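One structure is given below, encoded as C-alpha cells.
Each reported figure results from applying straightforward, stated rules to the coordinates on display, with no laboratory input. Worth saying up front: this structure is predicted, and the values here are computed from it rather than measured. As a convention, Cβ positions derive from the backbone with ideal geometry for all residues, glycine included, and neighbour counts pool all protein chains shown.
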Amino acid sequence: MIGDYEGFRSGFACFVGRPNAGKSTLTNAVVGEKIAITSNRPQTTRHAIRGIVHRPDGQLIIVDTPGLHRPRTLLGQRLNDLVRTTWAEVDVIGLCVPANETIGPGDRFIAGELAALKRTPKLAVVTKSDLVSAGRLAEQLTAVAELGAEAGIEWADVVPVSATERLAPSAGKRASAGADRVGLLTELLLAQLPEGPPLYPDGELTDEPEETLIAELVREAALEGVRDELPHSIAVVVEEMIPREDRPEDRPLLDIHASLYVERDSQKAIVIGRKGARLRDVGTKARTQIERLLGTPVYLDLHVKVAKDWQRDPKQLGRLGF
C-alpha cells in the first residue's frame with residue numbers, strides 16, 4: 001500500500017440471517033447511531049441500508065439486509081434477491097443467530113447457501129446474548145459451531161453480542177461485556193477487509209438518501225402496536241420535502257409530505273385509528289426521530305392510501321421503490 005493509507009483497511013461487511021435475528025439493532029450498535037429501523041416484527045428491513053464506521057486504522061461499511069425467508073409474495077422474492085446480491089458483493093459476512101432461539105431449518109438453509117461463497121470470510125454472530133444465561137449461551141455457541149461444520153463453513157470467529165446493551169444510554173461509563181463484544185466484533189470484521197483507502201468521507205454515517213431514511217422512520221412508527229397481518233402491508237413514500245418559505249434563518253421549518261400505503265380499506269382504517277388518533281400518534285413519534293436525524297424542526301404531513309395487493313403487483317412495487 002502506497003501513501004498515507006499504508007496498513008489502512010476498508011471494505012464492506014453484511015449481516016445476514018432469518019427475520020428478526022437482531023441484524024438491524026446490531027448494525028446500529030456497530031455504527032454507534034441509528035441508521036436502520038428496528039421492530040419486533042419480522043421482515044422489518046426492506047432495504048440494504050449501509051452504515052459507515054470510521055476508525056484510525058480502517059473504514060468498515062456495514063450492510064444491513066432483510067431477513068432471508070420463504071417468500072409468499074413478489075415483494076418477498078425481491079427482498080430475498082436483494083440479500084443474495086448483497087452477500088455476493090461484500091468482503092466479509094456475519095451470519096446472525098439469536099441466542100434465545102433454537103437453531104432451525106431457516107438457519108441451516110442460510111448456512112448452506114453461504115457455504116457456496118467459498119472465498120468470502122464468514123463470522124457467526126450470536127445475537128441477543130443478554131436474554132439468556134451463561135450456560136444457555138455456551139450451548140448456543142457450540143450449536144453455532146456445529147452448524148458451520150454441518151454446512152462446510154469454517155467460521156473465521158464465533159462472537160456472542162448484546163447490541164441493546166451497547167445502545168442503552170443508561171449503561172454508564174463502563175461498557176458491559178455484551179457491549180464490549182460489539183467492539184470486538186467490529187475489530188474482527190475490520191481484520192477481514194483488504195487494505196485500501198477510505199471509501200466514504202470522514203464523518204459520514206450512511207449513504208442512504210434522506211427521503212429513504214425518513215420514510216423508514218415513519219414506517220417504524222407505524223409498525224408499533226398494529227395487528228399481525230398489517231406490518232407486511234405497510235409501505236411509506238416521501239412525496240415532498242420543502243423548506244417553509246418566509247421563515248427566519250434562526251427558525252427554519254421543513255415541510256415533509258409522506259404517504260403510507262396499505263393494501264385494503266380495512267387496513268387503512270386501522271392505521272388511521274379512531275378519529276385519526278393512531279395516525280397522529282405515528283406522526284408524533286416519527287417527527288421526533290426525523291428531527292433528530294435532520295437536526296431541524298419538521299412539519300410532518302401524513303396521508304394513508306390504498307394500493308390494492310401492492311406486494312404482488314410489479315408496477316406498484318416499482319412505484320413504491322422495490
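Tabulated values for the structure
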quantity: Partners for residue 268 among lysines (Cα-Cα distance below 27 Å; same-chain residues under 8 apart left out); calculated: 285, 305, 308, 315
quantity: Peptide ranges 17-27, 81-91, 307-317 listed from the most packed, as the mean C-beta count within 10 angstrom indicates; calculated: 17-27, 81-91, 307-317
quantity: Anchor residue 122: lysines whose Cα lies under 22 Å away (excluding residues fewer than 8 positions away in-chain); calculated: 23
quantity: Contact order relative to length of the chain, as percent, for alpha carbon pairs under 8 angstrom and 6 or more apart; calculated: 18
quantity: Added length on full extension, which subtracts the Cα-Cα distance from 0.36 nm per residue, residue 108 to residue 294; calculated: 62.9 nm
quantity: Sum of -39500 (n - 2.57) over DSSP H runs of 4+, divided by residues of the chain (222 nm, nearest 500); calculated: -11500 deg cm²/dmol
quantity: Cβ-placed point charges (K, R +1; D, E -1), dipole of the chain about Cα centre in debye, nearest 20; calculated: 1320
quantity: Residue 239-residue 319 pseudo-label distance in nm [points 7 Å out on the Cα-to-Cβ vector]; calculated: 1.2
quantity: Nonlocal amide H pairs with residue 59, under 5 Å, H built at 1.01 Å; calculated: 9, 10, 11
quantity: Gap separating the Cα centres of the range 91-146 and the range 297-312, nearest whole Å; calculated: 36
quantity: Ranked by how many other beta carbons lie within 10 Å on average, peptides 63-72, 115-124, 202-211 from highest; calculated: 63-72, 115-124, 202-211
quantity: Contour excess over end-to-end distance, with Cα ends at residue 5 and residue 199 and 0.36 nm allotted per residue; calculated: 68.7 nm
quantity: Chain lengthening between residue 309 and residue 100 when straightened (0.36 nm per residue, less Cα-Cα); calculated: 71.8 nm
quantity: Distance in nm between pseudo-label sites at residue 207 and residue 118 (7 Å out along the Cβ direction from Cα); calculated: 3.0
